[in-house]
Every structure is written in C-alpha cells, then in structure tokens.
Amino acid sequence: MPAPDVIVVGGGLAGLSAAVGLARRDIRVLVLEARGRLGGRASAFRDPTTGELVDNGQHVLLGCYHATFRYLRTIGADTAVRMQASLEVPTIDREGRLTTLCCPALPSPLHLLAGVMRWAALSATDRLRVLRVAPAIWYARRAMARGSKDPLTQGETVEAWLSRHGQGGRLGEMLWEPLALAALNQPIGHAAAEPFVRVLGAVFGTDPRDAAIALPTRPLDEALAEPARRFVESRGGEVRTNALARIHLADGRVTEVVIRGETLPARVVIAAVPWHDLGGVFEGDTDLIGDVLACARTTSPSPIVTVNLWFDRAVLDVPFVGLPGRVMQWVFDKRWAFGRAASHLSLVSSGAEAVLRRSNDDLIALALDEVREALPVARQARLDHALVVREPRATFSIAPGQPARPSTATRVGGLLLAGDWVDTGLPATIESAVLSGEWAADAALRGVRS
Ligand SMILES: Cc1cc2nc3c(=O)[nH]c(=O)nc-3n(C[C@H](O)[C@H](O)[C@H](O)COP(=O)(O)OP(=O)(O)OC[C@H]3O[C@@H](n4cnc5c(N)ncnc54)[C@H](O)[C@@H]3O)c2cc1C
C-alpha cells in the first residue's frame, strides 16, 4: 500500500469504525492492532478444550445503537446480529417464577408503559409507580435533543435517582436494577444517574424498536470486526494485527508511528486505544496531551465476569433470560446464536467487583447453583465443560466524581482520539465506541483535506 493518509492505532470497534468511515470516502487508511485478533473488548478466543470460538463476554446491542447499525450496514454485516421486533424480556425471579415483559408495537414510550402495565412480575401498585418516571425520561430526551446535560441528575447515583422517583423495592429489583447494571456495568449505588437517564432517553426514544434487543449471530470478532477489515482492504486500506504501535509526538504534533522497529511517517493519527493503554502509546513530547493522560490514569475500571457452561442437552427454550436478584444477572443460550445442538450457556455478572477475585471453581459452582435454581431442566442435565472469563477492565467507571472524558480533538496537531471513553455522553458501550470512531473519521477527513 502507498503511504497511508491516516493511521489508526487500535483495532477495536472504535478504531474499525473510524477506519471504515475514512475508507468509504476513499481515504487510504492503515489500522494497527496489538493483538492477534480484531475487535478489542468485543472479541472471541479459541477454547482449547472444545476448539470452539468463545466470546470474551456476551454482548447485547439495542435498537437505539444507530451508529452501530450504520457501521454494520456499511460493512455489509447487517445479518451479524438478530434483533427482536420489539422489546421482550423474559425473567425468572428469585422465587423461580418466569414472567415476560412484552412491549407492544405502540409509539414510544407508550409501549414501555403498556408492557409494564401487563407484566405479571409486578403488583398493580408497582406497575402504576412506573408512570412517575415518565416525565423524567421525557425531560432527559429534551435535554439530549438540545445537546445539553440534565442539570437535575448531576452528581446523583442511579440508586438516588430511582429513589427520588419512587422506583425502589420490587420494581427496582425486577426492572431498573437489571437494566442499569446491563447498560452501565456498575451497581446502581455507584453508577451516575446522568448517563443512565440518557440511556433511558435513547432506549425509550421516538421509535419503539429502539428498545429492542439484538444479539450477535456469530463469534464477536467474526460478526462485528472481520467484515470491517474486508471493507477497509477492499478500499485500498490495510489492517495489521500483532502490531503494537507507539505514536511519536514532537514540536506539538504527530510525526511518526513506530511498530517493531519499523517507522511510518504520519500526518494524521487516530489513537483508538482504551483509557488504560493510552499512557503507554505515546513517546516524545507528551506535554500537550498531559491533561488527557492524567484523566486516563485516574479513571477506574469496572469488571464483568462470564461463566460459560456446556450441558449435554438444551436447558433453555429462549435465547436469554434475566435473573434479577442473582449474582449472574443474565443467562444466554449460545445455541440460538450459533445454531449448535447441545446447550452452551453464558452467564453474565456485570459490575462484578464482588466476585472478580473468587476462584474459577467457586464461580463455576455459583453459576451452576444459580442456573439450576432458576431452570429446573438444568438439574437433570450433565455439565460437560465450564470456562470462566474475567474482564477486570471491561468498562470504565461512570461513578460521580470520575475524571472528565476527552474529546475527539486534542491539542497535538494531527492527533485525534477514538474509543468508548471519548465523551459521547454514553456509557462504555459498542455504540459509544462506534460513534467516537465516526467523529474521529470526520475530524481526520478535515485534517487530510486541510
Ligand atoms: C465482557 C464484556 C461485555 C460487554 N458487554 C457489552 C454489551 O453487552 N453491550 C455493549 O454495547 N458493550 C458491551 N461491552 C463494552 C464494549 O465491548 C466496549 O465498549 C467496546 O468494545 C470498546 O471498543 P473500543 O474500540 O473503544 O476499545 P477496545 O475494544 O478496548 O479496543 C482498543 C484496541 O486497541 C488495541 N491497542 C491498545 N494499545 C495498542 C497499541 N499500542 N497498538 C495497537 N493496538 C493497541 C487493543 O488491543 C484493542 O484491540 C462489553 C465489554 C466487555 C469486556
């Protein structure tokens, strides 16, 4: 490939989204990814026992991931995820009772209210209490449309916000806590209310399909990342894996990118690495980016633990079930996504600080107990294999008081940032990563053409 116009460091979804955004406008782009596989925190690895590709953790997309669906359409990967027609969430409560929240095809947010009104998991009083939160969501949507933050939620945790709107008790446990934990990856007593309310505003926006759940139909990197590689290469770009890069800064601008002794001159570089890798990516004169590096250093992580269980038979007759009130809050049956005969369950514990350091044997026993308690069929099934995946830095913390998130532009000439940590207003999600990549591509285009 002739010298690239833009170099993207990091082949996660933010970097790939940026590369795709540039390649589609015929900009020559080079992507450098440190690991052997693309996809970053949304990737898969080969399980040595089964030989199967296993996700590093179940990923769920929502209908309101508009930037992500744009990205998937551009790279021709629309079939990489399967989306519900409208929001439908089966849950099994701590007493083992299965109920399903089904939101009918009404304009949003009436569909949520109608769904909750018919949801057998809640008492009539709890159902009516949901009405009290509707004005707050509407207010947040209005603030988002104006591009401002909701001043009422500043410094407040999700727990305090829910309590202020009378959403605690059984309603909190069955509806809001699972939703907040899944969206924010942090317990409601720690996570900030502001991004949560923004998520609610997006999920319960104008289109009822915004709340629908979509699940990848293939291992994560094959579904979301490899089609981007093919797209970039088909447009004359290049994607290199096993290419740990360092970005050299001098005289207030980007000068070159170094990979394993090879030095590439660079005019525009997008650093699409996670906050915890940012410090190690630069060399030379880093003064102008010192404030961003300081924020990155003091940003706390939030973990996710996934326990994969392989049974000798099917134990779940739906693609996923919520398990509110349990350590493993969701169980997914990969059979539905990957079309396999027996049952590979992925049990997810978000905001998993409390269990992160427990041994694999302990975690497997806990997951098995919880799944057998919730799913009677699993009590007769034989467990053939189990695998624990810990992601200690799955997401960045969004607790009140965390350091500011950076913008796309930096004070260093030719240097742009992408990544879920960039200040998109969204929590650490695929949508935040892809959106940040779109923004970086737009900014890089201006840099290339200036
Ligand atoms: C277990 C788990 C479950 C999750 N579940 C969901 C979910 O259900 N829904 C959702 O929306 N989000 C979910 N997320 C969050 C989502 O995966 C991330 O927000 C998103 O993938 C972040 O993408 P990114 O490109 O910003 O960063 P990353 O994916 O971290 O990509 C950055 C890339 O940069 C590379 N890199 C770092 N340093 C260098 C260097 N010096 N040179 C070259 N390359 C470098 C890294 O190897 C990495 O591949 C989950 C995350 C985890 C871990």
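Placing a label point 7 Å from the Cα of T206 along the Cα-to-Cβ direction, the residues of segment 50-75 with a backbone N closer than 15 Å are 64, 66.
The calculated FRET efficiency for A134 paired with V377, based on their beta-carbon distance and R0 = 45 Å, is about 0.75. Nearest 0.05, what FRET efficiency do D312 and R411 give at R0 = 41 Å with Cβ-Cβ as r? So the FRET efficiency works out to roughly 0.10.
Each principal axis of the Cα cloud of segment 301-396 was taken in turn, and the coordinate range along them, longest first, works out to 36, 24, 23 Å. Can you give the relative contact order of segment 296-378 as a percent, counting alpha carbon pairs under 8 Å and 6+ residues apart? Worked out over segment 296-378, it gives 35 percent.
For segment 58-191, the Kirkwood hydrodynamic radius comes to 16.7 Å, computed from all pairs of different C-alpha atoms.
Normalised by residue number, the volume inside the convex hull of the Cα atoms of the chain is 139 Å³ per residue. For the chain, a Gaussian network of Cα nodes joined below 10 Å ranks I92, I188, I259 by mean-square fluctuation, and the top entry is I259. Of the residues A272, A354, A296, the one that moves most in a GNM of the chain with alpha-carbon contacts below 10 Å is A354.
At full extension, F338 and A294 could sit 11.6 nm farther apart than now, given 0.36 nm per residue minus the alpha carbon distance. Each of the peptides 382-389, 344-351, 275-282 was scored by the mean count of other Cβ atoms within 10 Å over its residues; in descending order, highest first, they stand as 344-351, 275-282, 382-389.
Spin-label model, R25 to R230: label points 7 Å out along the Cα-to-beta-carbon direction sit 2.6 nm apart. With R₀ set to 35 Å, the beta-carbon distance separating A145 from R446 gives a calculated FRET efficiency near 0.85.
The amide H of V81, built 1.01 Å from its N in the peptide plane, has T217 as neighbours under 5 Å, considering only residues 5 or more places off or on other chains.
Result for the chain in a Gaussian network model with C-alpha springs under 10 Å: among E52, E194, E33, the largest mean-square fluctuation is at E52. For segment 26-74, what does the alpha-carbon gyration tensor say about shape, rounded, prolate or oblate, given a ≥ b ≥ c as the root eigenvalues, a/c under 1.5 as rounded, and a/b over b/c as prolate? Judged from the Cα gyration tensor, segment 26-74 comes out oblate (a/c at least 1.5, b/c at or above a/b).
Of the trypsin sites (Lys or Arg not before Pro) found in segment 125-225, those that fall in a DSSP loop while having at most 14 other beta-carbon atoms within 10 Å are R146.
A short reminder: the numbers here are calculations on the coordinates, not readings from a lab. No experiment lies behind these values; they were computed from the predicted model shown. Cβ atoms come from the backbone with ideal geometry, glycine included; neighbour counts cover every protein chain shown.
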